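Below is the structure I would like to discuss, written out as structure tokens.
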Amino acid sequence: MIRWFSDIKPTNPILVFVVMFLFRVNFLFKDFETPQFTSENISTFFVFINQNKWMAFSLSTLLVYFTALALNFVVIKHEILFRSNYLSSYFYVILSSFFEEYYYIGPSTVINLIIIFSFHRIFELYKANNPIDSIFFSGLLAGITILFSVSYFVFFPFLILGILFFRNFNFKELIVSVFGFSLPIYLSFIVNYIVYSKWVPTYYNMPDFLNFNGYQPFIYSAFPFVFVFILFATFRLVANFSKNNIKTRRIFQLLYIYIGVVVILVFTGHQSPLHESILLVMPGSLILAYYYTSPHKIGKLKLIFHWLFLATVFIFQYKFLVA
């Protein structure tokens, strides 16, 4: 299976959907309970569209599928891997089936897609002759995340750092990025004032990064096992680091910094750790895709590694059937 996704084939998008369905269909056999998004803004909307099991499953599955294809587009567009393939979308749909919280359509699921397109704009800055548009839209997309939760303000310093990864410091470009990031927040204040006669929404939960959420939900899942697999893939990435072009090196350096930012979001603050952890799916799938697209052939060891990975996730997905 891994070899089939290692190239561009017309049937790959269909097979990605099939794999995603196999790893997510277990949700339909479980007891359904409407999720509560207490720490995010506009939570009423997300609670409403998740009231029905079939609606929640269908919308979240379609969103995950579209996000997987969007990620694959970005990977191919910027030549992040050694050759074009569908491995990033393949691993994305598998990693997106870890926890039951991923089967609902929530703020973090939407933000994952927004962040991917923001990354796309940041990656465009490499050797760009006219970077203003890319800087503005990368900031605008990152700023939209604030409308879901104030905790996502941590993406602002990350945005500035990402721009500096691909561009020399320029005060004009800095102002453009700040303007793009601030525009969604400004417009939300205007709308809130028109509707409620208040500038700042009363439902804003200020971030609390000193509050530790704990790690118990991750221990009793496939997460520790898959973390080991990603760790091995990271060793391969480091070993091949000098073989990558400069752009790819900077992209992966930025991705690991992004992982650090998301880990802070997952384990601190008011938000649900499991809901926030879906933001780790994108960099995790890219690291695994890199491992199987490295200059070395996909030998028996890599195939064993792959089937162990699939078996681990699959067992945890369907263990409720024998419980």
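Read-outs: derived from the displayed coordinates by stated rules, not from any lab. All values derive from a computational prediction rather than experimental measurement. Ideal geometry is used to build each Cβ from the backbone, glycine not excepted, and the neighbour counts take in all protein chains shown.
Mind listing the Cα extents of the stretch 4-321 along all three principal axes, in Å, largest one first?
64, 53, 39
Moving to a separate point now. For the chain, what is the mean residue ellipticity at 222 nm derived from helices alone (per DSSP H run of n ≥ 4: -39500 (n - 2.57); sum divided by total residues; nearest 500 deg cm²/dmol)?
Calculated mean residue ellipticity at 222 nm is -20000 deg cm²/dmol.
Ranking request for peptides 175-184, 252-261, 66-75, 5-14: highest mean number of other beta-carbon atoms within 10 Å first, then the rest in descending order.
Descending packing order for the listed peptides: 66-75, 175-184, 252-261, 5-14.
Report, in listed order, any pair from K77/K302; K243/K302; K127/K247; K9/K247 with a Cα-Cα distance greater than 18 Å.
Result: K77/K302; K243/K302; K9/K247 exceed 18 Å.
Which one of Y186, I49, P273 has its Cα pushed farthest toward the positive end of the charge dipole of the chain, where Lys and Arg give +1 and Asp and Glu give -1 at the Cβ?
Positive-most Cα among the choices belongs to P273.
Another question, if that's okay. Pull out a ≥ b ≥ c, the square roots of the eigenvalues of the alpha-carbon gyration tensor of the stretch 111-197, then state rounded if a/c is under 1.5, prolate if not and a/b is larger than b/c, and oblate in the remaining case.
In terms of gyration-tensor shape, prolate.
Let me ask something else about it. Assign unit charges at the C-beta atoms only (+1 for Lys and Arg, -1 for Asp and Glu), then state the dipole size of the stretch 4-321 relative to its Cα centre in Debye, rounded to the nearest 20.
In total the dipole reaches around 1080 debye.
K53: which lysines have alpha carbons under 18 Å from its alpha carbon, excluding same-chain residues fewer than 8 sequence positions away?
Correct list for K53: K30.
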